[in-house]
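Engineer: One structure is given below, represented as structure tokens, and several questions about it will come after.
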Amino acid sequence: MKLATLKDGTRDGRLAVVSRDLTRYADASFLAPTLQGALDDWKRIAPHLEALAESLEHGSVPAERFHEHDAHSPLPRAFQWADGSAYVNHVELVRKARNAEMPASFWTDPLMYQGGSDAFLAPRDPILMADEAWGIDMEGEVAVIVDDVPMGASLDEARAAIRLVMLVNDVSLRGLIPAELGKGFGFFQSKPSSAFSPVAVTPDELGAAWDGGKLALPLWVDLNGKPFGRADAGTDMTFDFPTLIAHAAKTRPLSAGAIIGSGTVSNKLDDGPGKPVEAGGVGYSCIAEIRMIETIETGAPKTPFMRFGDTVRIEMKDASGHSIFGAIEQTVEKYRP
């Protein structure tokens, strides 16, 4: 089934079940007022949501037109947002851009940071920034929402805890990252609010593309209406989601509704850096990668980071070409207090 949170003027929105083709929705707030409420009581609520979803498909319940602009991120705020970096190729390229050495342990021990989870952006809301000089970048990712995960969870326990899958735009401010990391205390100002796809889906909706830990489909990233990235989310993923979840739960339990991100989807080409889409490659899911490759090839980057007025669109389609999660589509705008 596909679930969305509709904007209704409240902080946490209203839960809705969305049709598989993303054209209609049925109000689900009588079962649980919010998605977090459903996740808190998933074992009891999920069967009722699934029944409502089937009734929606058959046209046997009242339905209204679903507009992605009316949707908030599935969880407008969450108790936990921990973003991994499962595509180590991306880490390697970005660290080269900072002239930082790549420790061998990065290939065996996942990287993860704890992001701000108290104010996510809606998938069609603008990215408000005060200064272009901060190096505004998009990062196209996949994320999962989990049920309660015990501390020290095994890979099987972590896999069994995955309840929903969605897409992410993990906005990054590249110009602020080096100084923050130089303090030795991690990201904060350089990682502003992220946005998630209009709908979150249960893994069964993904069919053979989902193997329990990876989603093997291309992630479509367009910048200003032109193809920028088509990297396959199931390729070159060094750490799958059960591994990331177990890593996050090594020393603490995770509560229902915690979000775990994959990090920027990134593919290699012949065991080397990828190529732009227009050059026959699968492109990139963030600007930092192409800038690093430009630096390797020409000695300096030429692709600018996002500027006011630039628009990014992030989407994933099934084998028939139909959108699975709806689209994140955001324009960078000047923040004016």
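Engineer: Under a 5 Å amide H to amide H cut-off, with H placed in plane at 1.01 Å, what residues pair with Gly283 once short-range neighbours are removed?
Structural biologist: Arg230, Lys275, Val277
Engineer: How would the chain be classified by its alpha-carbon gyration tensor: rounded, prolate or oblate, with rounded meaning a/c under 1.5 and the a/b versus b/c comparison settling the rest?
Structural biologist: Prolate.
Engineer: Here is a follow-up. For region 1-119, which whole-number percentage of the solvent-accessible area (1.4 Å probe, protein heavy atoms only) is attributable to carbon and sulfur atoms?
Structural biologist: Values: 2850 of 5780 Å².
Reported share for carbon and sulfur atoms: 49 percent.
Engineer: Greater than 30 Å separation of Cα atoms is the criterion. Which listed pairs, Lys7/Lys250; Lys43/Lys214; Lys214/Lys250; Lys191/Lys250; Lys302/Lys334; Lys7/Lys334, meet it? All intermediate terms of the calculation are to be shown ahead of the outcome.
Structural biologist: On the way: Lys7/Lys250 35 Å; Lys43/Lys214 24 Å; Lys214/Lys250 21 Å; Lys191/Lys250 24 Å; Lys302/Lys334 23 Å; Lys7/Lys334 23 Å.
Lys7/Lys250, as the Cα separations exceed 30 Å there.
Engineer: What 222 nm value per residue comes from the helices of the chain, counting each DSSP H run with n ≥ 4 as -39,500 (n - 2.57) and dividing by all residues, nearest 500 deg cm²/dmol?
Structural biologist: Values: 7 runs with 65 residues, N = 337.
Helix contribution divided over all residues of the chain: -5500 deg cm²/dmol.
Engineer: Can you pull the one-decimal nm distance between simple spin-label points at Asp27 and Lys250, each 7 Å off the Cα toward Cβ?
Structural biologist: 4.7 nm
Engineer: Which angle from 0 to 90°, rounded to the nearest 10, does the C-alpha axis of helix 42-58 make with the longest principal axis of the chain?
Structural biologist: 80 degrees
Engineer: Skip the ligands, DNA and RNA, and give the accessible area per residue of region 71-219 with a 1.4 Å probe, whole Å². Present the calculation step by step, with values, prior to reporting the outcome.
Structural biologist: On the way: 5870 Å² over 149 residues.
Averaged over the residues of region 71-219, the accessible area is 39 Å².
Engineer: Okay, moving on. Between Ala100 and Asp211, what is the spin-label point distance in nm, taking each point 7 Å from the Cα along the Cα→C-beta axis?
Structural biologist: Label at Ala100, label at Asp211, 2.9 nm between them.
Engineer: Hey, another quick one. In bins 10 Å wide, starting from 0, what share of all Cα pairs of region 224-337 does each bin hold, as a percent?
Structural biologist: All Cα pairs considered, the percentages come to 11, 33, 33, 20, 3.
Engineer: Solvent-accessible area per residue for region 225-337 at a 1.4 Å probe radius, Å²?
Structural biologist: Numbers: 4960 Å² over 113 residues.
Computed with neighbouring chains in place, this is 44 Å² per residue.
Engineer: Something else now. Using a 1.4 angstrom probe, figure out how much accessible area region 1-66 has per residue, in square angstrom, rounded to the nearest whole.
Structural biologist: With the other protein chains kept in place, region 1-66 gives 49 Å² per residue.
Engineer: Which ³J(HN,Hα) values, rounded to whole Hz and listed in residue order, are derived for region 247-257 from phi using the Karplus coefficients 6.51, -1.76 and 1.60 in 6.51 cos²θ - 1.76 cosθ + 1.60 with θ = phi - 60°, glycine and proline given as x?
Structural biologist: 4, 5, 9, 4, 10, 7, x, 10, 8, 3, x
Engineer: Using the Karplus equation 6.51 cos²θ - 1.76 cosθ + 1.60 (θ = phi - 60°), what ³J(HN,Hα) coupling, rounded to whole Hz, does each residue of region 189-205 give in order, writing x for Gly and Pro?
Structural biologist: 5, 7, 10, x, 4, 8, 10, 10, 5, x, 10, 10, 10, 6, x, 5, 5
Engineer: Under a point spin-label approximation (7 Å from Cα along Cα-to-Cβ), what is the Val61-Arg307 distance to one decimal in nm?
Structural biologist: That separation, rounded to one decimal, is 4.8 nm.
Engineer: Please determine, in degrees from 0 to 90 and to the nearest 10, the orientation of helix 88-97 with respect to the longest principal axis defined by the Cα atoms of the chain, where the helix direction is its Cα long axis.
Structural biologist: Between the helix axis and the principal axis of the chain, the angle is about 40 degrees.
Engineer: Please compute the contact order of the chain in relative form: average sequence separation of alpha-carbon pairs under 8 Å and at least six residues apart, divided by the residue count, as a percent.
Structural biologist: 22 percent
Engineer: So for region 137-266, what are the equivalent ellipsoid semi-axes in whole Å, largest first, each being the square root of 5 times an eigenvalue of the Cα gyration tensor?
Structural biologist: Working: eigenvalues 117, 90, 30 Å².
The answer is 24, 21, 12 Å, longest axis first.
Engineer: Continuing with this model, one more query. Amide H neighbours of Ala86 under 5 Å, counting only residues 5+ apart in sequence or on other chains, H built in-plane at 1.01 Å?
Structural biologist: Excluding prolines and chain starts, which carry no amide H, the hits are Gly263.
Engineer: Calculate what fraction, in whole %, of the accessible area of region 193-337 sits on carbon and sulfur atoms when a 1.4 Å probe is rolled over the protein chains.
Structural biologist: On the way: 2940 of 5960 Å².
After summing per-atom areas, the C and S share lands at 49 percent.
Engineer: Once you list every other residue whose beta carbon is under 11 Å from the beta carbon of Leu111, what net charge do they have if Lys and Arg are +1 and Asp and Glu are -1? Don't skip to the answer; put the middle values down first.
Structural biologist: On the way: positive: Arg95; negative: Asp83, Asp109.
Taking every Cβ under 11 Å from that of Leu111, the sum is -1.
Engineer: Take peptides 75-85, 185-195 and line them up by average Cβ neighbours within 10 Å, highest first, as a rough protection proxy.
Structural biologist: 75-85, 185-195
Engineer: Give a residue-ordered list of calculated ³J(HN,Hα) values for region 223-233 (Karplus: 6.51 cos²θ - 1.76 cosθ + 1.60, θ = phi - 60°; whole Hz; x for Gly, Pro).
Structural biologist: Here the 3J(HN,Hα) series is 10, 6, x, 10, x, 10, x, 9, 5, 7, 5 Hz.
Engineer: Expressed as a whole percentage, what fraction of the accessible surface of region 121-168 belongs to carbon and sulfur atoms when a 1.4 Å probe is rolled over the protein heavy atoms?
Structural biologist: Values: 840 of 1580 Å².
Carbon-and-sulfur percentage of accessible area, whole number: 53.
The values are calculated or read from the model by the stated rules, or taken from the named source; none is laboratory data. No experiment lies behind these values; they were computed from the predicted model shown. Cβ atoms come from the backbone with ideal geometry, glycine included; neighbour counts cover every protein chain shown. SASA here: full protein model, heavy atoms, side chains in, ligands and nucleic acids out. Shrake-Rupley method; radii C 1.70, N 1.55, O 1.52, S 1.80 Å.
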